[in-house]
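Before any comments, here is the structure.
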Amino acid sequence: MRYLIESYGCQLNMAEADAMDAILKGRGLERTEDGEKADVVIINTCSVRKTAENRIWGRLGYYSALKKKHPLKLIVTGCMAERMKDELRKEAPFVDAVIGTNEKAEIPDYIISDSLDHLERYRFLPSYHKDGEWSSYVPIMNGCNNFCSYCIVPYVRGREVSRSVEDVINEVSRLGREGVKEITLLGQNVNSYSSEYNGRHVDFPTLLEIITPYLGSIAFVRFESPHPKDFSDHLISVIAENDRVAKHIHIPMQSGSTRILQLMNRKTTREQFLDLAVRMKERIPGLTLSTDVMVGFPSESEEEYEETLSAMDILGCTEAFMYYFNPREGTKAWSMDGQLDEDVKIKRLERLIAEQLERQKRIKEAMLPFRAMAIVTGRSRDDEDMFLARGEHNDYFVFSSDLPHEAGDIVTISADALSGNTFRGSEYA
Ligand code: SF4
C-alpha cells in the first residue's frame, strides 16, 4: 500500500507528519509523492490563517477529481479538521475520514485496520525523528491555555498536555545515540511544561536539566515557543549555565504597547517584556534574540505603533517574524472595534520590516570578525566550492574548507564578512 502525506502549517504539524511517516514505513507501507500512485492520502491541515484553509479547499478539489480516476482513501486531519469538522463532512463528502488533533496519533491504525478510537486527550507518538536527518523536533507539550485574543490555537489544539519526562528522555537519548546534532523542543508554550518525575514536579527549566546527561551527539538544544509571562529566572540560569542550550532565544513580543498587549490578552506589559529581555541579555553571555511582531491590531494608534518600533530598537533582534493583523474567525479579535484598513496595516508592516532589516545588518556587522561553531547543512547553492552551515545563533555561514564535509558535520568557522544576511569565512583549522 502506498501513502502520501501533505502537511501544512507549524513545526508541530511537520513533526507529527514525520512521526506518522515513520510508523507507516515501519509497518511496511511505501511513501509516494505522486497522488496518482497513492492508495491513501493524508492532508495534515493548518487553520492559523484563512489563506491556509483556502489552500486546503483547493487541494480537496484536486483529490476529489483524482478519486474519480482511481480508488483512494482520503483523510483530512489537523487544525482545520478540528475547527471545521461538520463543514468538511458536508461540503466534501468524498473525504473518507475527518480526524481531529486528539486522534491524529490513531491515523496509522485507522489506515491499516479501518477503525478509529475516539480520544479525549492528545496522545504523543514515540518518535518524531525523520530518518537520516541531523536536526530533529521533539514535541514536549501540545495545546495552549492562554487564549491570546487573535489566536485560533487553543480552539483547535485544545488545552495544554505535557509529554511525560520518561518519553522525552527516551526520545532525546535515542537521538543522541543516532548522531543527531540539534534538537528543537516544541510546544505552543514550552514554558508551561508541567509533569512529574521520580515523585517531584518538573517544569520546563528542570526538564532541560534532566535531559542534559542524555544528549550524546546533540550539540544544540533549542526550544519554541516560550511565552514571556512564564519565562522564569530559573530558566534564564539554566540557559546561561548549560553549554548545550543554544544562546539564541525566540521570544514573541507581538506589540510594544501595553494597551495593545492587554487587548491581545498577552498577560504582560511593555515594561515587563523589555525588562525580561534586558535581564536575559545581562545574564546569558553572547545571547541573541528573535521575536514575533504583529502590527495593525484593532484600534492600534500611530503612537502605539511607534512604541512597537522603539521596543524593537531596545530588543535588538538578529531575526524577526513580522506580520500584520489578519482577523481569524472564531477568535475574540475577529469582532473587535477599530479594525484598521488594509493599506494602513501594510504601510506599518513595511516600515517595521525595513527598520528590522537595517537593524539586523548593523548588529551582524558589529559582530565581525568572530569565530563560531556551526553545523554543515550542505554545499552553497551559489558556489559549489563552498559549504553552507548554520550556527548556534540561527545564523548562516558560507565558508571554504580544504576538508570534505557532509550535512551534519560540526565545524568551527572564522567569519570575516557579511553578504546579505549570511556570514562568509573559512574553516578554522
Ligand atoms: S500563547 Fe497565545 S499566540 Fe501562542 S498558541 Fe497560545 S493563544 Fe496562541
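The values are calculated or read from the model by the stated rules, or taken from the named source; none is laboratory data. Since this is a predicted model, take the numbers as computed values, not measurements. Ideal geometry is used to build each Cβ from the backbone, glycine not excepted, and the neighbour counts take in all protein chains shown.
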Can you tell me which of (1) surrounded by fewer than 20 Cβ atoms within 10 Å (Cβ to Cβ); (2) within 30 Å of residue 213 (Cα to Cα) is the one residue 267 doesn't meet? (2)
Looking at region 158-181, can you tell me whether even one residue there is surrounded by fewer than 22 Cβ atoms within 10 Å (Cβ to Cβ), among the hydroxyl-bearing types (Ser, Thr, Tyr) and more than 16 Å from the ligand (Cβ to nearest atom)? yes
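Tell me, which strands (runs of 3 or more DSSP E) wholly within region 350-429 include 2 or more residues that are under 30 Å from residue 295 (Cα atoms)? Break it down into steps so the answer makes sense when it comes.
Working: elements: 370-379, 387-391, 396-400, 410-419, 422-427.
Because the criterion is at least 2 residues that are under 30 Å from residue 295 (Cα atoms), the strands (runs of 3 or more DSSP E) in region 350-429 that meet it are 387-391, 410-419, 422-427.
Which strands (runs of 3 or more DSSP E) does region 124-222 wholly contain that include 1 or more residues that are more than 22 Å from residue 391 (Cβ to Cβ) and under 19 Å from the mean Cα position of the chain (by Cα)? Let's see the steps before the verdict.
Working: elements: 135-139, 182-186, 195-197, 200-202.
Here the list reads 135-139.
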Of all residues in region 388-429, which are without any contact (Cβ under 8 Å) to a residue 40 or more places away in the chain, closer than 19 Å to residue 134 by Cα and of a type outside the set (D, E, K, R)? 388, 389, 391, 396, 397, 398, 404, 405, 411
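Listed here are the residues, each with its yes/no results for (1) of a type in the set (D, E, K, R); (2) assigned by TED's automatic domain parsing to the domain that holds residue 220; (3) farther than 20 Å from residue 422 by Cβ.
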site	(1), (2), (3)
319	yes, yes, no
323	no, yes, yes
328	yes, yes, yes
336	no, yes, yes
362	yes, yes, no
382	yes, no, no
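Could you say which residue among 251, 236 is surrounded by fewer than 23 Cβ atoms within 10 Å (Cβ to Cβ), within 16 Å of the ligand (Cβ to nearest atom), assigned by TED's automatic domain parsing to the domain that holds residue 348 and under 30 Å from residue 312 (Cα atoms)? Break it down stepwise before answering.
Numbers: 236 fails: within 16 Å of the ligand (Cβ to nearest atom).
The unique qualifying residue is 251.
From the set of residues in region 139-152 that are in contact (Cβ under 8 Å) with a residue 60 or more places away in the chain and over 18 Å from residue 263 (Cβ atoms), which is nearest to the ligand (Cβ to nearest atom)? Break it down stepwise before answering.
Within region 139-152, the subset in contact (Cβ under 8 Å) with a residue 60 or more places away in the chain is 139-140, 142, 146-152.
Now restrict to residues that are over 18 Å from residue 263 (Cβ atoms): 139-140, 142.
Numbers: 139: 14, 140: 14, 142: 11 Å.
Only one residue tops the list, namely 142.
Filter region 249-274 for residues that are in a helix (DSSP H, G or I) and among the β-branched types (Val, Ile, Thr); which is nearest to residue 294 (Cα to Cα)? Let's see the steps before the verdict.
Filtering region 249-274 down to residues in a helix (DSSP H, G or I) leaves 258-263, 270-274.
Keeping just the survivors that are among the β-branched types (Val, Ile, Thr) gives 258, 260.
Numbers: 258: 14, 260: 10 Å.
Across region 249-274, the extreme among qualifying residues is 260.
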Search result, residues across region 395-429 that are at positive phi and at pLDDT below 95: 420
How about region 287-315: which of its residues are in contact (Cβ under 8 Å) with a residue 60 or more places away in the chain, farther than 23 Å from residue 343 by Cβ and not polar (S, T, N, Q)? 315
For residue 414, state whether it is in contact with a Leu (Cβ under 9 Å, 6 or more places away or on another chain) and among the hydroxyl-bearing types (Ser, Thr, Tyr). no
Here the residues within region 1-43 that are without any contact (Cβ under 8 Å) to a residue 60 or more places away in the chain and within 19 Å of residue 91 (Cβ to Cβ) are 6, 41, 43
Out of all the residues in region 57-96, which are of a type in the set (A, V, I, L, M) and either over 20 Å from residue 9 (Cα atoms) or in a helix (DSSP H, G or I) (or both)? 60, 65, 66, 72, 80, 81, 88, 92, 95
Might you check whether a residue that is within 16 Å of the ligand (Cβ to nearest atom), more than 30 Å from residue 210 (Cα to Cα), in contact with a helix residue (DSSP H, G or I) (Cβ under 8 Å, 6 or more places away or on another chain) and assigned by TED's automatic domain parsing to the domain that holds residue 152 occurs anywhere in region 272-286? no
Can you tell me how many residues in region 414-423 are more than 27 Å from the chain's Cα centre (by Cα) and crowded, with 17+ Cβ neighbours inside 10 Å? 1
